[in-house]
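One structure, pasted below without further comment.
The values are calculated or read from the model by the stated rules, or taken from the named source; none is laboratory data. Computed from a predicted structure; not experimentally measured. Heads up: the accessible areas ignore ligands, DNA and RNA and are worked out on the full protein's heavy atoms, side chains in. Shrake-Rupley method; radii C 1.70, N 1.55, O 1.52, S 1.80 Å.
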Amino acid sequence: MTKSNPADSGSGAVAARFREPPVVPLSPWGASRPRLGDRIFRRLSEGSGVLMIVLITAIGAFLLYRAVPALQRNQVNFFTYGGKWVTTNTTAMRFGIFNLLQVTVLVSAFALVLAMPIALGVAIFITQYAPRRIAGLLAYVVDLLAAVPSIIYGVWGLYVLAPQLRPVATWLNHTMGWCFLFADGNASTAGGGTIFTGGIVLAVMILPIITAVTREVFMQTPQDQIEAALALGATRWEVVKTTVLPFGKSGYFSGAMLGLGRALGETVALLIILRGTQTAFGWSLFDGGSTFATQIVGTASEFNDIYKAGAYLAAGLVLFLFTFVVDSVARAALSGTGVRWGAR
């Protein structure tokens, strides 16, 4: 018999210790079979996404179903008619969204133009300039604006802010009246019941949304890039311009789109302010008017009839689709220009 060599037995033990682990069979997707917790989480995530799609589709279908009977009795073009909303005679109804769409677009765009640069400045100051204690306090104060009820904003805008805006509105009307946005409307009492006041109040309401999103994205700027720019002799503003803004521009525009969606659907504050005047809308900031939301809420007493309610639900359906289209166009524009989270 051949005796075993102790050296051979030792080398076999070493080889067994470093032997490769057995190969785990792969699933048809080319990866190891996921664990039970991963599968459950995946199914829940997929179910949540499908549920959201189903809910949105159900809302749109409900609005369309309730709007069709009223649209069938409408005697004018629903999209181009901008006259008085007449639904008292349900056999010959006359209603259209042309003026509602114009007022909604103008007041929301005006609020967005005011809020975006202020939100950008506040976000830059909090993340890049302010000391840590002051930055935390300022961020808390800005976020607190989102907790104020809409009715408080409306009352404050009409009875507190409005009188202070009257001299500014009169000056704008006299010096820039050649521009249709500042043309004669209700300038003598501007600051109360006009789009000018409503837009400023709406800008304050959407400011915390845009600021919060922009601030959080700016805070994610890679610290090594900031330190590298400072090491090369860049000033603080040059760091912001060359590093922070390119990194966070997607978050800034995304926050602006969230703010726009908030502005398009605002109801109570604008209802209180815009009902202060009956001046017809003419694309001046000193005109009055009704948005989709204020028109629906202001006439809620007529919802006891299927046809009257259907007329306003038709307007609600347009607002629903309009908000969806605006968000889709904004996302497509950001993707088309290469603006993505973390894009540089």
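What residues qualify as long-range amide H neighbours of Met93, i.e. H under 5 Å apart, gap of 5 or more or another chain, H built at 1.01 Å from N?
Gln75
Let me ask another. Given the whole protein assembly as supplied and a 1.4 Å probe, what does the accessible area of Thr242 come to in Å², nearest 10?
Ignoring ligands and nucleic acids, Thr242 comes out at about 90 Å².
Follow-up. If you average 1/r across every pair of different Cα atoms in the stretch 99-300 and take the reciprocal, what Kirkwood value do you get, in Å? Walk me through the numbers on the way to the answer.
Details: mean 1/r = 0.0554 Å⁻¹.
Over the stretch 99-300, the inverse of the mean reciprocal pair distance is 18.0 Å.
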